[in-house]
1. Out of curiosity, is residue A:278 more than 8 Å from every other protein chain (Cβ to nearest Cβ) and under 21 Å from the mean Cα position of the chain (by Cα)?
2. Among the numbered conditions (1) under 19 Å from the mean Cα position of the chain (by Cα); (2) modelled with pLDDT of 85 or more; (3) assigned to a helix (DSSP H, G or I); (4) under 19 Å from residue C:106 (Cα atoms), tell me where residue A:303 comes up short.
3. Search the range B:50-66 for residues being buried (at least 21 other Cβ atoms within 10 Å of the Cβ) and in a loop (DSSP other than H, G, I, E, B), and hand back the single one that is farthest from the other protein chains (Cβ to nearest Cβ).
4. What do you reckon, is residue B:89 more than 7 Å from chain A (Cβ to nearest Cβ) and either surrounded by fewer than 23 Cβ atoms within 10 Å (Cβ to Cβ) or in contact (Cβ under 8 Å) with a residue 12 or more places away in the chain (or both)?
5. Looking only at residues that are part of a loop (DSSP other than H, G, I, E, B) and modelled with pLDDT of 90 or more in the range B:196-211, which one is nearest to the chain's Cα centre (by Cα)?
6. Considering the range A:66-97 alone, what residues qualify as being within 16 Å of residue A:158 (Cβ to Cβ), without any contact (Cβ under 8 Å) to a residue 40 or more places away in the chain and touching a helix residue (DSSP H, G or I) at 6+ places or on another chain (Cβ under 6 Å)?
7. Which one of the conditions (1) touching a residue at least 60 places away in the same chain (Cβ under 8 Å); (2) touching a strand residue (DSSP E or B) at 6+ places or on another chain (Cβ under 9 Å) does residue B:105 fail to meet, given that it meets all the rest?
8. Wholly within the range C:203-295, which helices (runs of 4 or more DSSP H) include no fewer than the required count, namely at least 1 residues that are in contact with a Pro (Cβ under 8 Å, 6 or more places away or on another chain)?
Amino acid sequence: MNPSLYRKLLLIIAALIALGLPLVVTSATYLHILILLFLYAYLTTSWNLVGGFAGVLPLGHATFVGIGAYTSTILSLQYGISPWIGMLVGAVLSSIVGVIIGLPTFKMRGAYFALATIAFAEGIRVMFENIDYLGPFQINGPRGLQIPPLKTGLAHFMFADKEPYYYIILAMLAGVLALTWVISRSKLGYYLVAGGEEPEAAQSLGVNVARAKLMAMAMSSFLTAFAGTFWAQFTLYIHPKSVMSLDISFEIAFIALIGGRGSIAGPVLGAMLLRPVSDFSRIYFGSTLPGLHLIIFGVVLILVMLFQPRGLQEPLTRAYRRVMNGRFGGKEAAA
Amino acid sequence: MNILEIQQVKKYFGGIKAVESFSLNVGEGEIVGLIGPNGAGKSTLFNCVAGVFPPTSGDILFLGEKINGQKPWDLCHKGLARTFQIVKPFASRTVLYNVVVGAFATTDKRSEAETRALEVLRHLRMEEKKDLRAGNLTIADRKRLEIAKALATQPKLLLLDEVMAGLRPTEVDEMVAIIKHLREYGMTIFVIEHIMRAIMALSDRIAVLHFGTKIAEGTPQEIARDERVIKAYLGEDYGAA
Amino acid sequence: MLFILEDTINGILMGSIYGLAALGLTLIFGVLKVINFAHGSLLMVGMYVAYWAVILTGMHPYLVLVIVVPIMFVFGYLLQDILIKPIFKAEKDVREPITVIIVTTGVWYILDNLSLLVFGPQYRNIQGNPLQGKMLEFGDMMISVPKLWGFCAAIITAALVYLFLQKTRMGRAVRATSLDREAASLQGINQYKIYNVTFGIGTAVAGVAGAALVPFFNIFPSVGVLFDIKCFIIVVLGGLGSIGGALLGGMIVGVIESVGPQFMTATWTEAIVYGLFLVFLFLKPSGLFGVKYDW
């Protein structure tokens with residue numbers, strides 16, 4: 001058995017476990033937690049395309065979640081268009097907004113870029129909180145939009161039970177992970193890494209760094225919007241604070257950073273570690289110790305940045321490689 | 001045809017005249033050296049040619065086309081590659097990864113890029129180091145990697161910016177052999193160097209820059225005897241490495 | 001018309017307090033080249049410290065500064081020393097370590113939620129404090145007295161910081177480090193000590209701003225978030241590292257917030273402030289008075 005076969009076997013086992021979980025986990029609460037876990041894993045993996053591979057720190061990604069959520073919701077509530085189509089429209093819109101934001105901001109240095117993304121995100125959120133109508137589209141300001149669960153079924157992206165949502169988000173997560181893997185091995189992936197590490201050297205090797213970053217941003221915002229639609233169809237109520245808030249943007253970034261941005265497994269790992277902390281501390285300590293999970297987040301974040309700045313996936317990957325080398329000898333090719 | 005024609009290029013930074021009316025032609029297959037005391041303006045000239053910034057006046061022609069102010073990545077696709085004096089490897093990645101980035105300049109497929117990268121590494125005798133982390137390399141290896149990255153882009157003109165700096169004498173000799181070897185692959189090379197015996201051994205012709213002006217141009221032997229050059233380098237003797 | 005003048009004046013006064021709040025941030029950025037995302041939280045801590053000082057001692061809100069300033073200085077000093085210095089040491093070559101931004105964001109989360117846990121979410125204010133609700137009559141206009149005090153505090157603090165930087169040995173060391181930390185360290189200046197001191201001063205100034213706000217502003221755990229973004233906007237508008245810029249930037253924001261609602265909703269005013277921020281970020285990132293960095 002060679003290393004790559006071993007890896008494929010591990011992936012198959014993981015996939016089987018993931019597919020079979022709903023059969024074992026029957027409690028609706030736990031299933032809900034799992035769904036949110038996968039949702040955040042999806043969000044952070046999408047974020048990773050810009051925040052990890054392109055090497056910048058975008059702190060306003062929730063805005064794309066919001067654009068996706070509002071677009072599909074408005075299209076389905078006001079015009080009866082299927083949420084699946086709305087999802088695509090929202091993604092395209094999100095992509096355009098992402099490029100618009102990226103064009104002027106990618107030229108800035110790190111801290112300024114982070115601030116600019118925050119400013120954009122908050123600006124858009126403030127706008128949504130203050131208008132009732134955007135042209136013919138009803139936004140409803142801070143009250144938000146409710147989705148009445150009238151018709152169920154796959155065509156309407158609406159289900160009575162949680163299981164279908166579980167499988168949909170699992171499929172989305174698998175898709176975005178596969179896409180990230182493909183990109184990391186593609187010309188764009190190499191160019192993004194090069195441009196992120198040494199922009200001048202990369203440019204002299206033929207890399208149009210700005211264009212690569214914009215492509216990454218377009219893809220990332222496109223994919224993030226999908227999650228917005230999912231969220232809307234899952235929770236059936238959206239308002240600016242619930243889909244566009246800075247808290248969401250920061251949580252996405254934190255999870256990716258703690259797990260290890262720039263790697264494929266890092267964001268998922270981060271989500272698997274931190275989301276349960278978040279959910280369980282809210283369930284058990286929500287009333288007695290509010291905000292406990294955020295304190296834990298903050299502490300973990302600081303500890304990781306101080307001791308393992310490449311994220312928690314680093315020691316795990318190293319251990320995995322050691323085991324592989326021990327078993328099969330020779331050098332395991334860098335993933 | 002001349003691969004590179006620098007025609008009366010001036011580069012001013014505000015009041016500072018870094019390069020003053022410099023002209024030079026580099027013919028196909030030549031190795032041309034550029035020397036001069038520190039601060040003479042050599043790197044500034046390179047940066048003008050390589051597209052980092054445009055010349056204040058004058059023209060730069062590459063393969064007959066005027067390239068003033070064109071961007072480095074576009075120039076790379078036209079066949080102009082450069083190395084940096086302060087080496088900038090993609091430190092967190094392997095040697096192979098670094099070179100593949102360069103190889104992608106002429107292909108979109110990773111398999112092709114990898115094949116080309118391995119070929120380049122083989123020519124530079126770095127193949128066994130392909131899986132090492134670039135950030136962990138010695139300075140000599142990093143300089144070689146820098147050349148490998150540029151080579152992978154399949155350039156017609158290679159600009160080498162002080163690739164010998166910091167190398168030990170044996171490493172310098174190795175590097176000279178490698179660069180001479182490159183010429184056999186149809187490459188034209190424009191070198192900035194401080195280490196005299198290296199540039200004397202390498203170059204077909206040498207231009208000397210002093211305070212932004214060209215004070216001499218000729219074969220290595222002519223340059224070594226040129227009084228103006230000796231005066232500019234007062235105290236520096238040919239043969240020091 | 002008179003309302004606009006009154007609003008403008010009150011806007012300037014409030015704005016000067018914003019500027020005071022931003023002063024610490026601009027100082028920290030100017031010297032450490034680090035954007036301290038936890039600054040709003042430090043302000044919140046300052047407010048709580050001032051609040052409790054007044055409640056427990058019954059002193060005048062501005063007299064408690066003798067307690068607040070030293071406590072905040074030490075707090076900031078230790079924060080920098082324990083959490084941020086290790087990162088600087090690890091990323092010595094990076095001119096602007098992004099990791100620090102991430103760490104300060106962590107600090108923000110911890111401080112805000114810790115205070116939520118400890119103090120509870122309720123809004124507090126100091127009832128019956130000597131400055132509360134007092135108005136000064138200036139012809140037909142009503143000027144807020146606590147804001148006037150705040151204005152004076154802002155000017156005095158800014159002047160003190162300026163004098164410190166210009167006239168004292170330590171201050172000159174701070175300026176040297178901000179211009180070129182390698183050169184400064186070659187001159188025998190311990191850059192890490194300078195960073196600690198600067199962070200301490202920045203935090204202490206935030207403490208003064210907190211004390212200035214306490215007489216009339218509600219105190220609650222997430223009050224820092226309100227000011228955090230505002231402070232960033234002010235610092236970019238006024239120019240990173242510029243004391244005068246911070247005050248001026250603060251006054252601009254204060255006036256927009258004050259006069260704006262006469263012509264549009266308060267939240268559109270907020271949008272305008274964001275818009276101005278973005279315009280400056282794109283067109284003139286060095287702000288009105290900032291030093292030109294090679295951004």
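1. Yes.
2. Failing condition for residue A:303: (1).
3. That would be B:55.
4. Details: more than 7 Å from chain A (Cβ to nearest Cβ): yes; either surrounded by fewer than 23 Cβ atoms within 10 Å (Cβ to Cβ) or in contact (Cβ under 8 Å) with a residue 12 or more places away in the chain (or both): yes.
Answer is yes for this residue.
5. Filtering first and then ranking leaves B:203.
6. A:75, A:81
7. Of (1) touching a residue at least 60 places away in the same chain (Cβ under 8 Å); (2) touching a strand residue (DSSP E or B) at 6+ places or on another chain (Cβ under 9 Å), only one is false for residue B:105: (1).
8. C:223-238, C:266-283
The values are calculated or read from the model by the stated rules, or taken from the named source; none is laboratory data. As the structure is a computational prediction, the values presented were derived from the model and not from experiment. No Cβ is skipped: glycine too gets one built from the backbone with ideal geometry, and neighbour counts run over all protein chains shown. Quick note on the areas: whole protein, heavy atoms, side chains included, nothing else; ligands and nucleic acids left out. Shrake-Rupley method; radii C 1.70, N 1.55, O 1.52, S 1.80 Å.
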